[in-house]
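One structure, as structure tokens, below. Some questions next.
Every read-out reported here was derived from the displayed coordinates using simple, explicitly stated rules and does not represent laboratory data. Computed from a predicted structure; not experimentally measured. Here the Cβ is made from the backbone with ideal geometry for all residues, glycine too, and neighbour counts use every protein chain on show.
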Amino acid sequence: MDSRASTVAELVAARWGDHRPGLRCEELVLTHHEVAAGAAARAALLGDLLPPTAEPHLGVLLDNTPEFPLWLGAAALARAAVAGVNPTRRGAELARDILHTECRVLVTERAHLPLLTGLDLPGVRLLVTDDAEYAGLLAPYADARPDASRATPRDRLLLYFTSGSTGAPKAALCSQGRLAAAGHALAGQFSLGPDDVHYLCMPMFHGNAVIAGLAPALVTGAGVALRRRFSASRFLPDVRRFGATYFTYVGRAIQYVLATEPGPDDRDNPLRLGFGTEAGAVDAAAFERRFGVRLVEGYGSSEGGAAVQWSPGTPPGAVGRAAPGLVVLDPETGEECPPARFDAVGRLLNGDEAIGELVNQGPSPFEGYWRNPAAEAERRRGGWYWTGDLFYRDREGYLYFAGRTDDRLRVDGENLAAAMIENILARYEGAAAVAVYAVPDPVTGDQVMATIAGTFDPEDFAAFLRAQPDLGTKMAPRFVRVVKRMPVTATNKIHRAALRREGVRCADPVWWRPPGESAYRPLTREDAEGPLAPTRGPSAGGVGGGAPTARGEAAQ
């Protein structure tokens with residue numbers, strides 16, 4: 001482990017002369033030395049391509065191919081910054097991301113060229129990595145050696161877009177020093193070393209794969225194995241093929257792996273640890289039972305302004321103990337929320353008062369957003385860092401994630417956290433996946449709507465709700481949408497923005513519970529357009545698809 005390096009450029013250069021396998025993808029294997037040499041060649045090319053007066057920014061519109069980490073290393077050596085471009089963005093939104101971050105070079109591959117057709121990208125030089133011209137451009141720099149002497153910890157390295165339910169994505173900044181520090185911290189926390197192999201199956205345009213997966217590998221000299229795009233069915237074969245010992249995940253990825261057909265030899269694998277977010281205690285336990293691999297749920301705000309570390313003794317469902325300066329505040333009053341109270345089986349009893357926004361009142365490594373002072377000011381209100389994430393804490397100071405502030409509902413004047421309701425609904429036997437969100441109501445403010453992937457029986461569901469002792473009087477869903485597969489974003493998180501946008505006017509079957517009733521019935525067009533219907537949700541192919549059957553297809 002390189003315990004001295006304070007820049008990513010130093011970590012890249014340190015692998016020069018290391019001829020162990022360093023980077024694997026499909027049939028390709030590059031040594032650490034070849035990775036360092038490839039980064040040096042690209043850094044030299046970049047130096048000649050970037051205009052001297054332009055921001056040293058390049059966009060990378062790639063799947064998880066070897067070119068992605070090579071260009072990250074090149075940017076570090078060249079004191080440039082990479083903007084990871086989301087390939088699920090389209091048209092004007094995609095152009096906006098590239099132009100907003102002032103990318104003068106865009107690295108892509110032929111598979112993504114159709115996304116760029118017709119876009120107006122003035123001043124942007126296109127490099128297509130699987131084109132013959134690309135190899136010719138690199139050829140003059142084949143003898144370049146990595147030089148980290150000019151890089152500093154303050155050099156900007158990443159501009160990565162944070163997802164949001166409203167407005168354009170914000171490009172968060174990450175310096176070489178912060179990324180290197182994150183790698184050192186994770187390598188130490190999980191005892192990662194040079195003999196480990198880090199499996200990167202989450203998209204590298206997202207912070208999880210780079211910060212939690214690649215950075216500690218750079219620090220320790222571990223091998224890296226890439227999967228172009230996440231595949232649940234290829235997860236275990238990849239792990240065995242590459243000898244992966246560590247992996248990271250986000251969103252529903254763990255659930256999709258668990259949904260694959262079990263095998264008698266599932267525990268025959270080299271993995272020892274998975275690290276990520278949003279798997280949930282139930283799925284984490286199921287994953288360890290099936291594969292013999294412990295999952296560690298961590299928390300770090302996308303912008304780096306606050307983090308919570310897991311430690312031995314952390315209770316099930318908690319992400320870790322609050323470090324000094326981390327508090328849970330009521331976002332309306334600014335007062336600290338009282339500790340959570342639980343019943344005998346661990347169910348939260350006072351979520352209405354215990355859940356608040358996690359705020360870092362101490363030193364924050366948040367480095368800002370690119371060209372977005374208003375968003376920065378919102379994050380730094382009163383000199384503190386407001387994460388935008390909901391948490392509650394127990395009396396011992398352990399923190400429990402409760403969703404995004406965007407996911408808060410206000411029903412009849414009472415604030416509710418969508419994640420709290422989701423945790424209750426997840427106990428429903430037919431639910432393979434659950435999402436809870438608000439649909440506006442002209443009388444109550446919000447109504448609770450749930451989308452369930454799996455099987456649904458209206459009578460069983462109503463009986464299930466009545467049997468939940470921690471389901472508050474305002475929490476029961478007014479509307480239930482039943483889907484075969486839960487919509488997700490490119491990072492495998494539930495696409496709540498799309499669900500909220502469609503509301504009850506969607507192509508899937510929707511059940512509803514009229515005011516004052518406990519039984520659910522199919523939502524008709526007349527119901528959806530009547531006075532008790534939510535006030536948002538453009539038509540998306542009619543209302544439901546007729547009365548839904550009692551069985552559906554679980555999310556895969």
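About the Cα centre, and with charges only on the beta carbon of Lys, Arg (+1) and Asp, Glu (-1), how big is the dipole of the chain? Nearest 20 debye, please.
Result for the chain is approximately 360 debye, rounded to the nearest 20.
Right, here's the next one. Run through the DSSP bridge list for the range 413-528 and note the antiparallel percent, rounded to the nearest 5.
75 percent
Another question about this same structure. How big is the charge dipole of the range 299-407 about its Cα centre, in debye rounded to the nearest 20, if each Lys and Arg gets +1 on its Cβ and each Asp and Glu gets -1 on its Cβ?
Using Cβ point charges on Lys, Arg, Asp and Glu, the range 299-407 gives about 320 debye.
Using Cα centres only, tell me the gap between the range 491-512 and the range 353-405 in whole Å.
Computed from Cα coordinates, the inter-centre distance equals 27 Å.
Among CYS506, CYS337, which comes first, then next, by fewest other beta-carbon atoms within 10 Å?
CYS337, CYS506
Still on this structure: Ranking THR455, THR220 by Cβ neighbours within 10 Å, fewest first, what do you get?
Working: THR455 20, THR220 23.
By the 10 Å Cβ count, ascending, the order reads THR455, THR220.
Just need the relative contact order of the chain here, percent rounded to a whole number, with Cα pairs under 8 Å and 6+ apart. Can you show the working numbers first?
Details: 1233 pairs, mean separation 53.4, N = 556.
For the chain, the relative contact order is 10 percent.
Ok, one more. Compute the long axis of helix 232-242 from its Cα atoms, compare it with the longest principal axis of the Cα atoms of the chain, and write down the angle in degrees, 0 to 90, nearest 10.
Its long axis makes an angle of about 30 degrees.
Follow-up question, since we're still on this one. With a 10 Å radius around each residue's Cβ, average the other Cβ atoms per peptide and rank 169-179, 253-263, 272-282, highest first. List each step's numbers first, then the result.
Details: 169-179: 22.5, 253-263: 17.5, 272-282: 19.4.
Ranked by mean Cβ neighbours within 10 Å, highest first: 169-179, 272-282, 253-263.
Over the Cα atoms of the range 273-421, what radius of gyration and what Dmax do you get, in Å?
Spelled out, the Cα radius of gyration and Dmax of the range 273-421 are 15.8, 50 Å.
What is the sum of charges, Lys and Arg at +1 and Asp and Glu at -1, for the other residues whose Cβ falls under 9 Å from the Cβ of GLY22?
So the surrounding residues net to +1.
Please report the base-10 log of the normalised intensity I(q)/I(0) for the range 337-408, using a Debye sum with one equal scatterer per alpha carbon and no solvent, at each q in 0.20 (1/Å).
-0.87
Taking the Cα atoms only, what angle lies between the long axis of helix 67-77 and the longest principal axis of the chain, rounded to 10 degrees?
Long axis of 67-77 versus the principal axis of the chain: about 60 degrees.
Rounded to the nearest 5, what % of the DSSP beta bridges within the chain are antiparallel ones?
Around 55 percent antiparallel, to the nearest 5.
Any idea which of ALA402, LEU138, PRO363 is furthest toward the positive side of the dipole for the chain, if Lys and Arg beta-carbons carry +1 and Asp and Glu beta-carbons -1?
Sorting the options by dipole projection puts first LEU138.
Give the cross-link partners of LYS170 among the lysines, using a straight C-alpha distance below 20 Å as the criterion and excluding same-chain residues fewer than 8 apart.
Correct list for LYS170: LYS493.
Would you mind checking which residues have amide H under 5 Å from GLU109's amide H? H placed 1.01 Å from N; only 5 or more apart, or other chain.
THR129
Could you give the semi-axes, largest first, of the ellipsoid that matches the range 8-175, computed as the square roots of 5 times the alpha carbon gyration tensor eigenvalues and rounded to whole Å?
Numbers: eigenvalues 133, 64, 49 Å².
Semi-axis lengths for the range 8-175 are 26, 18, 16 Å.
Also, I was wondering about something else. Choose one of HIS100, THR248, ALA498: the residue whose Cα lies farthest towards the positive end of the charge dipole of the chain (beta-carbon charges +1 Lys, Arg; -1 Asp, Glu; about the Cα centre).
Final value for the positive-end residue is HIS100.
So for the range 157-238, what percent of the C-alpha to C-alpha distances run longer than 14 Å?
66 percent
While we're here: Show me, for the range 88-96, the HN-Hα J-couplings you get by feeding each phi into the Karplus relation (A = 6.51, B = -1.76, C = 1.60, θ = phi - 60°), rounded to Hz, glycine and proline as x.
Ordered by residue, 3J(HN,Hα) equals 8, 6, 9, x, 4, 5, 5, 4, 4 Hz.
Which one, VAL448, LEU218, ALA462, projects farthest toward the positive side of the charge dipole computed for the chain from Cβ point charges (K/R +1, D/E -1)?
Looking along the dipole axis, the top candidate is LEU218.
Of ARG24, ARG228, ARG4, how do they rank once you tally other Cβ atoms within 10 Å and put the fewest first?
Lowest count first: ARG4, ARG228, ARG24.
Now a separate question. Starting from the Kirkwood Rh over alpha-carbon pairs, what translational D in µm² s⁻¹ does the chain have by Stokes-Einstein at 37 °C and 0.692 mPa s?
It comes out at roughly 132 µm²/s.
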